[in-house]
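Peer 1: Quick one: the structure is below, questions incoming.
The values are calculated or read from the model by the stated rules, or taken from the named source; none is laboratory data. Bear in mind that the values here come from a model prediction, so they are computed numbers and not experimental data. Here Cβ is always computed from backbone atoms with ideal geometry, including for glycine, and neighbour counts include all displayed protein chains.
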Amino acid sequence: MPAVDIERKESTGVPGWVWIIVGLLVLGLLAWLLTAQPWRAGDANVPAVGQVIPGVDNTEGTTATTAGTAGAGEGAWFPVAAIRANPDAHFGQTITGVVTVSEVAAPGGFWSDINGEKMFFVAEGAAPNLTAGQRVSVTGTVRDPQQMEQVPSVMQMPEETRRYIQNEKAFVQASKIDVLES
């Protein structure tokens, strides 16, 4: 039988098991980044732009909160008195907060009594079926009643409701209305 010389070849690369561990670590890091996303908008630990933060000086003109200032009561975030005193300074401001429906004026439009003063809210598009006493979360923009012709949902309301709006100093064009409780 002939003699066979078998030489062991020297390995020059990284062992395969090391690449498997590196691959699993990379996949784990990617999975964590895709699910954690600590920078994403709406994260409960990151305040939204303009958000009222309890314990911080929230001067009048603050334009947003997620559920009112703790302890200050519902609607405390909304400076109705300041808007009525100087409506021009507030037109175009975006607000977000929780209010109670005081009276439904027309489909898509309602009054809310905020700190003893009424404010009219009108939905931009389809609005939930609202009834007096419901708490709703609203996001919208403060508008000038003299320019209500530019708001199609207002122009679809009954003439009597439009007259009420026109006699107000401001109203809120709501881009989002979510019913919190009935």
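Matching residues to (1) touching a helix residue (DSSP H, G or I) at 6+ places or on another chain (Cβ under 6 Å); (2) within 18 Å of Glu181 (Cβ to Cβ):
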site	(1), (2)
Gln93	no, no
Val101	no, yes
Glu117	yes, no
Phe121	no, yes
Arg135	no, yes
Arg143	no, no
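Peer 1: Answer yes if at least one residue in the range 65-84 is polar (S, T, N, Q) and modelled with pLDDT of 80 or more, and no otherwise.
Peer 2: Within the range 65-84, none of the residues are polar (S, T, N, Q) and modelled with pLDDT of 80 or more.
Peer 1: Sticking with this structure for a sec: Restricting attention to the range 96-119, does a residue exist that is farther than 19 Å from Ser175 by Cα, under 18 Å from the mean Cα position of the chain (by Cα), at pLDDT below 80 and of a type in the set (S, T, N, Q)?
Peer 2: no
Okay, residues lined up against (1) in a strand (DSSP E or B); (2) buried (at least 21 other Cβ atoms within 10 Å of the Cβ); (3) touching a Cys at 6+ places or on another chain (Cβ under 7 Å):
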| residue | (1), (2), (3) |
| --- | --- |
| Ile95 | yes, yes, no |
| Val99 | yes, yes, no |
| Trp111 | yes, no, no |
| Lys118 | yes, no, no |
| Ala132 | no, no, no |
| Asp178 | yes, no, no |
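Peer 1: Moving on. So which residues in the range 153-169 are assigned to a helix (DSSP H, G or I) and either under 10 Å from Phe120 (Cβ atoms) or touching a residue at least 24 places away in the same chain (Cβ under 8 Å) (or both), if there are any at all?
Peer 2: Ser153, Val154, Thr161, Tyr164, Ile165
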